[in-house]
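J.: Encoded as structure tokens, here's the structure I'll be asking about.
The values are calculated or read from the model by the stated rules, or taken from the named source; none is laboratory data. This one's a predicted model, so the numbers in the text were calculated from it and none came from an experiment. Quick reminder, even Gly has a Cβ in these numbers, built from the backbone with ideal geometry, and neighbours come from all protein chains shown. Accessible surface areas use protein heavy atoms only, side chains included; no ligands, DNA or RNA. Shrake-Rupley method; radii C 1.70, N 1.55, O 1.52, S 1.80 Å.
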Amino acid sequence: MTFDAELKMQFLFSLRSKGVTDTKVLTAMEKIDRALFVRGYFSDRAYEDMPLPIACGQTISQPSVVGLMTQALQISPRDKVLEVGTGSGYQAAILSLLARRVYTVDRHRRLVRAARQIFDDLGLVNITAFAADGSFGLPDQAPFDRILVTAAAEDPPGPLLAQLKIGGIMVVPVGQSDTVQSLIRVTRHETGFDYDELRPVRFVPLVEGLGKDT
Ligand code: SAH
């Protein structure tokens, strides 16, 4: 299946109907073909609004959730963004069209390698992907204007809060349970942090340490 004009129209319509209304976000999502990030058996379902399985037992997020998280970050073209949970690389590719620089990390090397290949193929030169435990952030590149965590944590990880610039925004799914979490937007001020609860979501958990794959 190719991401042709009609499919794009349906895809964008479904995003808008789920509350993704920011024109810049919609334009970025129109440019990045999700099928490139969903290989194999499920690739013909790439334009449906559902999460799909990828390698290493992980999932590529639902497009409307990708759109809503990106919208909540209010990215400006000068921003340096950290994504924790590269997964397929789809979310990072969208961020890269909106931000100056994107750093993305995943605990599975195999996912990082596959995502890097797609970034190269698409000429997305402002993304750097690393294999790392993202709960510690990326101290060498900190601080960040925006941080997006695409795996669920019990609490917003302390090192990530510390690596957020003043005026910066972090979006993170937070919750005790594996079945449903709450998407939280954290805004850093001079004197502390503000927390907004955005909506219920379902993400794979943030897991400590690097994966065993090579
Ligand atoms: N943003 C991805 C979907 C992420 S799925 C996309 O667009 O496709 C969540 C990812 O978080 C998984 O790939 C998982 O390996 C990763 N992950 C879980 N715990 C992590 C940690 N501590 N550090 C880095 N990545 C982690």
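J.: Sort Lys24, Lys165 from largest to smallest accessible area, using a 1.4 Å probe on the heavy atoms of the protein chains.
T.: I get Lys24, Lys165, largest accessible area first.
J.: Can you give the local net charge around Lys31? Use residues other than it whose beta-carbon is closer than 12 angstrom to its beta-carbon, Lys and Arg +1, Asp and Glu -1.
T.: Its environment carries a net charge of +1.
J.: Assuming 0.36 nm per residue, please report the length gained on full extension of the stretch Asn126 to Arg45 beyond their Cα-Cα distance.
T.: Values: separation 81, 0.36 × 81 = 29.16 nm, distance 2.82 nm.
Between Asn126 and Arg45, full extension yields 26.3 nm more.
J.: Taking a probe of 1.4 Å, how large is the accessible area per residue of the chain, in Å²?
T.: Here the residues of the chain average 48 Å² of exposed surface.
J.: Oh, and also: Counting only the backbone N, which residues of the stretch 198-214 are under 15 Å from the spot 7 Å out from the Cα of Asp178 toward its beta-carbon?
T.: Residues 202-208 fall inside that zone.
J.: What percentage of the solvent-accessible surface of the stretch 5-201, computed with a 1.4 Å probe over protein heavy atoms, is contributed by carbon and sulfur atoms? Numbers along the way, then the final one.
T.: Working: 4610 of 8960 Å².
The C+S portion of the solvent-accessible surface of the stretch 5-201 is 51 percent.
J.: Let me ask something else about it. For Phe203, Phe13, write out the residues from largest to smallest accessible area, computed with a 1.4 angstrom probe and no ligands counted.
T.: So, going from the largest accessible area down, we get Phe13, Phe203.
J.: Further, regarding this structure: Work through the residues other than Ala151 whose Cβ is under 10 Å from its Cβ and net out their charges, Lys, Arg +1 and Asp, Glu -1. Walk me through the numbers on the way to the answer.
T.: Working: positive: Arg107; negative: Asp106.
Net of charged neighbours comes to 0.
J.: Right, something else. In a Gaussian network model over the chain where Cα atoms closer than 10 Å are linked, find which of Phe193, Phe130, Phe37 has the largest mean-square fluctuation.
T.: Checking each option, the largest mean-square fluctuation is seen for Phe193.
J.: Apply the a/c threshold of 1.5 to the C-alpha gyration tensor of the stretch 93-214 and tell me whether it is rounded, prolate or oblate.
T.: Oblate, since a/c reaches 1.5 and b/c is not below a/b.
J.: Relative contact order for the chain using alpha-carbon pairs under 8 Å, separation at least 6, rounded to a whole percent?
T.: 16 percent
J.: If you take every residue apart from Glu208 with its C-beta less than 11 Å away from the C-beta of Glu208, what net charge results, scoring Lys and Arg +1 and Asp and Glu -1? It would help to have the intermediate numbers written out before the result.
T.: Details: positive: Arg107; negative: Asp133.
Spelling it out: positives minus negatives among the neighbours equals 0.
J.: Nearest 10 degrees is fine. How inclined is helix 63-73 to the longest principal axis of the chain, computing both from alpha carbons?
T.: In the chain, helix 63-73 runs at an angle near 40 degrees to the longest axis.
J.: Assuming 0.36 nm per residue, please report the length gained on full extension of the stretch Gln141 to Lys18 beyond their Cα-Cα distance.
T.: Fully extending the segment from Gln141 to Lys18 adds 40.9 nm.
J.: Considering the convex hull of the alpha carbon atoms of the stretch 5-201, report its projected area averaged over all viewing directions, in nm², one decimal.
T.: In nm², the orientation-averaged hull projection of the stretch 5-201 is 10.4.
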